[in-house]
Amino acid sequence: MVMWLRRGKHFPDPELEADEHGLVAIGGEIAPELLLEAYRRGIFPWSSDPVPTWWCPHPRAIFPLDTWQPHGAWHARSAAPAGPSPPTGRSST
């Protein structure tokens, strides 16, 4: 059964409580402390009107926040546009 997340409550175990689509909880606030708790458990918010919904989809990837380091940052830099060309000192008119 999907839980209504009220202030001060913690997320249920997603392995035991998520519905067949991965919905874990409804409600709560998308605050930093709650997000960190959710992310550590593999739970992700989805903005819904009027309240957020919290999901634990399968399959999913979980990166431990205390040890995870991004890889491939060099690739992102090399793929980024070079930016404007430096001035040549010549007039374009």
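Here, each number is a calculation from the coordinates, and none is a lab measurement. Quick caveat, the model's predicted, so the values are computed rather than measured. Don't worry about glycine lacking a Cβ; one is built from the backbone with ideal geometry, like all the others, and counts go over all protein chains shown.
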Under 5 Å from the placed amide H of Leu5, counting only residues 5+ away or on other chains, we find Ile26, Gly27, Gly28
Label 7 Å along Cα→Cβ of Phe63; region 1-37 residues with amide nitrogen under 18 Å?
-> 35-37
What FRET efficiency, computed as 1/(1 + (r/R0)^6) with R0 = 22 Å and r the Cβ-Cβ distance, is obtained for Tyr39 and Trp4, rounded to the nearest 0.05?
-> 0.60
Debye sum, Cα scatterers, region 1-74, no solvent: what log₁₀ I/I(0) at q = 0.11, 0.14, 0.18 1/Å?
-> -0.29, -0.45, -0.70
With +1 at each Lys and Arg Cβ and -1 at each Asp and Glu Cβ, the charge dipole magnitude of region 1-73 around its Cα centre, to the nearest 20 debye, comes out at 140
